[in-house]
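Chemist: Before I ask anything, here is the structure I am working with.
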Amino acid sequence: MAETRKSLQSEISANYRWWQHVATDLLLAGAVVAFALSRIEGLTAADLTTIPLAFLVANLGEYLLHRFPMHRPMPPREIYRRHTLCHHVFFTQDRMGMDSLRDLRWILFPAYSVPGLVLIMIPVAATVGALATANAGWLCLVVTACYYLMYEFLHTAYHLSPEGFIGRQRAIAYLRTLHQDHHDPRLMGSWNFNITFPIWDIIIGTWYRRGAGAAATPR
């Protein structure tokens, strides 16, 4: 039997507290940022170039994760189930808003995602630290943790009421249209995989804009 919004809401545990979910994300990611910043010494202008480069890499990571594991039934399949089979069923192009904040269960990544992300990033940051400077390695962790929080905030914003204070902001409203089009079943497998800023969608050619005459399939 196909999942519906009502059935997915019934899957949310009675013990689920949306504010605990949000607080856990903030505390874990914040702890990573605080620790990494505490390890930085003698920061130079050259070290700071790590920030935009790490941002671009994080944006690419978001793109690849969303385009492939989140939309293709490949290992780990739970990512595909949670996103394509649950999130895209719960939030349709015509019904993007939450009924209550408990619905954050189907928007936010599980709380264990932050430790998992850190485990993935540690060897990356260590490699950057060895090839460049220790400060550059620590900044990679800072950017990754901050990017994660930005992703969660923006994704949540797209599923808030467009009439609310956050939803009315021009940048949020524009980015929401990109994400809303991605929730069209005809488009979700091919277009608008960047949930934050469509940098790699533009570069790779998967940026769908309403009225722009996009082809049926991307480059």
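Chemist: Please rank Glu41, Glu62, fewest neighbouring Cβ atoms within 10 Å first, as an exposure proxy.
Modeler: So the ranking, lowest neighbour count to highest, is Glu41, Glu62.
Chemist: Here is a further query. Quick one: order Met188, Met121, Met150 by neighbouring beta-carbon count within 10 Å, fewest to most.
Modeler: Met150, Met188, Met121
Chemist: Treating the beta-carbon of each Lys and Arg as +1 and of each Asp and Glu as -1, no other charges, what is the dipole magnitude of region 140-219 about its Cα centre, to the nearest 20 debye?
Modeler: Charge dipole, region 140-219, about its Cα centre: 220 debye, nearest 20.
Chemist: Still on this structure, please answer the following. Counting each DSSP H run of 4 or more residues in the chain as -39500 (n - 2.57), what helix-only mean residue ellipticity at 222 nm follows after dividing by all residues, to the nearest 500 deg cm²/dmol?
Modeler: That calculation yields -17000 deg cm²/dmol at 222 nm.
Chemist: What percent of all Cα-Cα pairs in region 15-158 falls into each 10 Å bin, going from 0 up to the bin containing the maximum distance?
Modeler: All Cα pairs, binned at 10 Å, distribute as 11, 37, 32, 16, 5, 0 percent.
Chemist: In addition: Pick from Arg102, Arg176, Arg39: which is most flexible by mean-square fluctuation in a GNM of the chain where alpha carbon atoms under 10 Å apart are linked?
Modeler: Greatest mean-square fluctuation among the candidates belongs to Arg39.
Chemist: Starting from the Cα of Arg81, move 7 Å in the Cα-to-Cβ direction to define the label point; list residues of region 1-30 whose amide nitrogen is under 20 Å from there.
Modeler: Residues 1-16 fall inside that zone.
Chemist: Quick one: go through region 1-35 and flag any residue whose amide nitrogen is under 11 Å from the point 7 Å out along the Cα-to-Cβ line of Arg102.
Modeler: 9-18
Chemist: Between Leu131 and Ala31, what length comes free when the chain is fully extended (0.36 nm per residue of separation minus the Cα-Cα distance, one decimal in nm)?
Modeler: Contour length minus the Cα-Cα distance gives 33.5 nm.
Chemist: Using Cβ contacts closer than 10 Å as the measure, can you line up Thr206, Thr4, Thr196, Thr177 from fewest to most?
Modeler: Going from sparsest to densest Cβ surroundings: Thr4, Thr177, Thr196, Thr206.
Read-outs: derived from the displayed coordinates by stated rules, not from any lab. Everything quoted here is computed from the prediction, not taken from an experiment. So basically every Cβ, Gly included, is an ideal-geometry build from the backbone, and we count neighbours across all protein chains shown.
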